[in-house]
Amino acid sequence: MDGKILNKLKGKTTPKIKEPDEFRVILLNDDYTTMDFVVEVLVVLFHKDLEDANRIMLDVHKKGKGIVGQYTWDIAATKVEQVHAAARENEFPLRCIVEPV
Ligand code: TYC
């Protein structure tokens, strides 16, 4: 049965608000960015502790990519820009991407 009709029958209204969509920031491996730089990025830009930062960096290094975190669109897009700006400044090819959850 149609959801709205069913809701009416039950005396409910269709919810008009929903949680904001979430996006994953995915870090990509490369052969040139130093491990230390990746760890620094994870600590400074993503507020990971050293242990988490090392774990994520090694996971990306071994598997080719890995999830750094899940954010709303604006935050995710800003993180990606910040990573690319820091990488560019330090002449590393480090890349990250956003994907919908
Ligand atoms: N593969 C790099 C190295 O061996 C380290 C690295 C890890 C680079 C994670 C990017 O997202 C990355 N120096």
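The values are calculated or read from the model by the stated rules, or taken from the named source; none is laboratory data. Bear in mind that the values here come from a model prediction, so they are computed numbers and not experimental data. No Cβ is skipped: glycine too gets one built from the backbone with ideal geometry, and neighbour counts run over all protein chains shown.
I'm trying to understand the selection: among the residues of region 76-101, which are assigned to a loop (DSSP other than H, G, I, E, B) and within 16 Å of the ligand (Cβ to nearest atom)? Quick ask: steps written out before the conclusion?
In the first step, residues of region 76-101 are kept if they are assigned to a loop (DSSP other than H, G, I, E, B); the result is 90-94, 101.
The answer is ASN90, GLU91, PHE92, PRO93, LEU94.
Let's see how each residue does on (1) surrounded by fewer than 12 Cβ atoms within 10 Å (Cβ to Cβ); (2) modelled with pLDDT of 95 or more; (3) near the ligand (Cβ under 10 Å from one of its atoms):
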| site | (1), (2), (3) |
| --- | --- |
| MET1 | yes, no, no |
| LEU6 | yes, no, no |
| LYS16 | yes, no, no |
| LEU28 | no, yes, yes |
| PHE37 | no, yes, yes |
| VAL41 | no, yes, yes |
| HIS47 | yes, yes, no |
| ASP74 | yes, yes, no |
